[in-house]
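The structure under discussion appears below in the form of structure tokens.
The values are calculated or read from the model by the stated rules, or taken from the named source; none is laboratory data. From a predicted model like this one, the values you see are computed outputs, not experimental measurements. Reconstructed Cβ throughout: ideal geometry from the backbone, glycine too, with neighbour counts over all protein chains shown. In case anyone asks, the SASA skips ligands and DNA or RNA and just uses the protein heavy atoms, side chains included. Shrake-Rupley method; radii C 1.70, N 1.55, O 1.52, S 1.80 Å.
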Amino acid sequence: MAFQTEYEFELPRGYIDDSGTLHKRGVMRLATAADEILPMRDPRVQQNQGYLTVILLARVVTRLGDLKHVDTKVIEKLFTADLAYLQNLYRQINDLESPKLHTACPKCDHEFEVEVDFLSVTEGLS
């Protein structure tokens, strides 16, 4: 099974470019550490934290319809429903699912899976 780094999507409303063409289908890639860190240096983000979403999505949306390039100007012109959709997709594909550990009860031998929360484990170590 190959590791998936790109995810296709279809916007609920779609982006309308300057010539009136509607673009709905696109691709979002997994975010890197740089995608989340570098926008923090941008003066637009320093003036308005809400702009972080615009820059972040412009970095990870690699294709939208027939557009040659997706940049902040494109993301700024999205309908709010489409922006919310992309924010949700971003969270969905980038949130790390907690690993599961297959184990058994030492008393009754009942087998089950338990989610491992590394953050709570490491907090107890400090």
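Below is a table of values for the structure above.
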| item | result |
| --- | --- |
| Nearby lysines by direct alpha-carbon distance to K73 (threshold 23 angstrom, same-chain neighbours under 8 apart not counted) | K24 |
| Probe 1.4 Å, all protein chains present, accessible-area order of T53, T5, largest first | T5, T53 |
| For the range 1-102: rounded, prolate or oblate by the Cα gyration tensor [a/c cutoff 1.5] | oblate |
| The chain: calculated mean residue ellipticity at 222 nm from DSSP helix runs of at least 4, using -39500 (n - 2.57) | -9500 deg cm²/dmol |
| Rounded tilt (10° steps) of 80-94 against the dominant C-alpha axis of the chain | 40 degrees |
| Gyration tensor verdict on the range 19-69 (Cα atoms; rounded if a/c is under 1.5, prolate if a/b is larger than b/c, oblate otherwise) | oblate |
| Cα-projected label distance for T21 with R44, points at 7 Å along beta-carbon direction, nm | 2.3 nm |
| Relative contact order (%) - criterion: Cα under 8 Å, at least six apart; region: the chain | 21 percent |
| Fully extended contour minus Cα-Cα distance, from E113 to T62, at 0.36 nm per residue | 14.7 nm |
| Cα-based helix-to-principal-axis angle, 51-60 vs the chain, degrees rounded to 10 | 80 degrees |
